[in-house]
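I have placed the structure first, in the form of structure tokens, so that the comments after it can refer back to it.
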Amino acid sequence: AVRLGEAALRTGSSIDWQPMLADDLPVRPPATAAELAYAAKALRDWARFTGLRLAARPPPRAVAVAAACVLATLAEPRARGRAAESWRRSAHVAGEPDLAAVAAAAGAPPAAVAAAAASTEARERIAASARRLVALGGFRTPAFAVGTDLYLGQARIALVELALTQASDCRIIPPGAHSQRAAAGSGDP
């Protein structure tokens, strides 16, 4: 979320957060012990890279489901972004997110959002987000789409930023595009 927000800021883009649950995605074979160990190491590496301190343990699954439901009740993308940032900050740093604070960060009354989050409509919105991802060819999160161009895994944020830049009127040269510009002989700085 941190790196995506920075890429959106640099490219003048906006983010339309779509909460989803892994249970709504196609079943994958269980990870091996080596894959799980590497995933934990990669998470620590990216946390160090972004300057985040991770919680000692992740929040309980029920809390993650509730947070996804809270995000799904918010129709306006910026409200979902504020709520997602609050969730990320509290869940990954404190370990126990305050769902009322997540709703408040979005400017929504916590009691009304809690009631809406318990609705079947919220759960259907979450499932619909997963179906849209699968329709694009996705099978895991995090996933990022620039139009119908799909990128899986947060390690692809530089590629997302390149796609955002190419789809906009920005004149920046994103990471990875410097050699392309030099080969083209562009005199632009």
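Observations, loosely collected:
- Estimated inter-spin distance, Glu124 and Tyr38, nm [label 7 Å along Cα→Cβ]: 4.1 nm
- A simple packing score, the average count of other Cβ atoms within 10 Å per residue, orders the peptides 31-41, 146-156 as 146-156, 31-41, with the highest score first.
No value in this document is a laboratory result; all are computed from the given coordinates. All values reported here derive from a predicted model rather than from experimental measurement. Reconstructed Cβ throughout: ideal geometry from the backbone, glycine too, with neighbour counts over all protein chains shown.
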